[in-house]
1. Give the angle, between 0 and 90 degrees and rounded to the nearest 10, that separates the Cα long axis of helix 237-253 from the longest principal axis of the Cα atoms of the chain.
2. Enumerate lysine pairs in segment 17-174 that are 8 or more residues apart or on different chains, then count those whose Cα atoms are under 29 Å apart.
3. Compute, for segment 77-161, the length of the dipole vector about the Cα centre, with Cβ point charges of +1 (Lys, Arg) and -1 (Asp, Glu) only. Units Debye, rounded to 20.
4. For the chain, what proportion of DSSP beta bridges, expressed in % and rounded to the nearest 5, is antiparallel?
5. Work from the charge dipole of segment 203-257 (Cβ charges, +1 for Lys and Arg, -1 for Asp and Glu, about the Cα centre) and give the residue of His220, Gly210, Ser243 farthest towards its positive end.
6. If amide H atoms are built 1.01 Å from N in the plane of the peptide, which residues on other chains or at least 5 residues away come under 5 Å of the amide H of Asp263?
7. Return the long-range amide H neighbours of Val258 (sequence gap of 5 or more, or a different chain), with a cut-off of under 5 Å between placed amide H atoms.
8. Through the Karplus equation 6.51 cos²θ - 1.76 cosθ + 1.60, θ set to phi - 60°, convert the phi angles of segment 195-201 into ³J(HN,Hα) values in whole Hz; use x for Gly and Pro.
Amino acid sequence: MRVVVKLMSVVSLVGMAMSAVAADAPADLSLTRFDCGKTGPLSDPGLGRFSDINAFKGLTVQLTYSCYLIKHGNDYMVWDTGNPAAGGATPPANAPRLSLVEQLAQLNLKPEQIKFVGISHYHGDHTGQVASFPDATLLIGKGDWDVLTDPKPNPAANAANFARWISGGGKLEAVVGDKDVFGDGSVIMLNTPGHTPGHHSLMVNLKQTGTVLITGDLAHFRENYDINGVPTFNANRADTLASLDRFKKLGANTHATVIIQHDARDIEKLPAFPAAAK
Ligand SMILES: [Zn+2]
């Protein structure tokens, strides 16, 4: 009898251990890049505003606008929403060729299926299509949310895009610190303030690819990332430097693939749409 009881407890312990592993392991997880706008090659004087120490005389870089889809089991998250989609007779030059909704349709997804829309920061080239996801829970740094909801409008923050959430109509989490989006460590919004008060980067821990770190606008292109450069349009220089320090050390310790969202050379670090990194 005693042996049977012991055996049963061993079996149930093994069962518990296995279910604990299953709960912690990332569900079917993948990462897809969306095209969220375009620019031509950028050099002086346009590039000058990306450095508050005049570091880039004579440099030309090709910038881009990137958004991402994270599939976590049957749940979906969109990271950043880019420039407003083209529309009307004279669409802006940096408008994406296809909207996020159109790109999702190519993956047989509807905007209603997006559970979370995570926003790195409040600038218009990251928030242009957020209103396309009225049913999603908005995840945005509290520092940025406080600016968006300040009665005195800050022209750098595009509050109009967030009308649904500002009016109280949409689900919202104003993120303080890091945010473990799905609760299993697979996708984490990283607190990297400085570019804006509530700026966040994104960590995605993929099974095959390993850790992917996506900058947001912590840096805009490789040359600036490499020298810990700070743009002229930046909320807090000391915070940006501290955030770069954290991000780089985290990247080294996790052997991460680092993707600078605005650097066109980093597009190829993920499979080309509609393929996904797993
Ligand atoms: Zn920005």
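The values are calculated or read from the model by the stated rules, or taken from the named source; none is laboratory data. Computed from a predicted structure; not experimentally measured. Glycine also receives a Cβ, built like all others from the backbone with ideal geometry; neighbour counts cover every protein chain displayed. What goes into the accessible areas is simple: the full protein's heavy atoms, side chains included, and nothing from ligands, DNA or RNA. Shrake-Rupley method; radii C 1.70, N 1.55, O 1.52, S 1.80 Å.
1. That helix lies at roughly 40 degrees to the long axis.
2. 16
3. Dipole about the Cα centre, nearest 20: 80 debye.
4. If we restrict to bridges inside the chain, about 65 percent are antiparallel.
5. Final value for the positive-end residue is Gly210.
6. So Asp263 has HN proximity to Thr64.
7. Those qualifying (amide H under 5 Å, at least 5 residues apart or on another chain) are Leu213.
8. Along segment 195-201, the couplings run 4, 9, x, x, 4, 10, 9 Hz.
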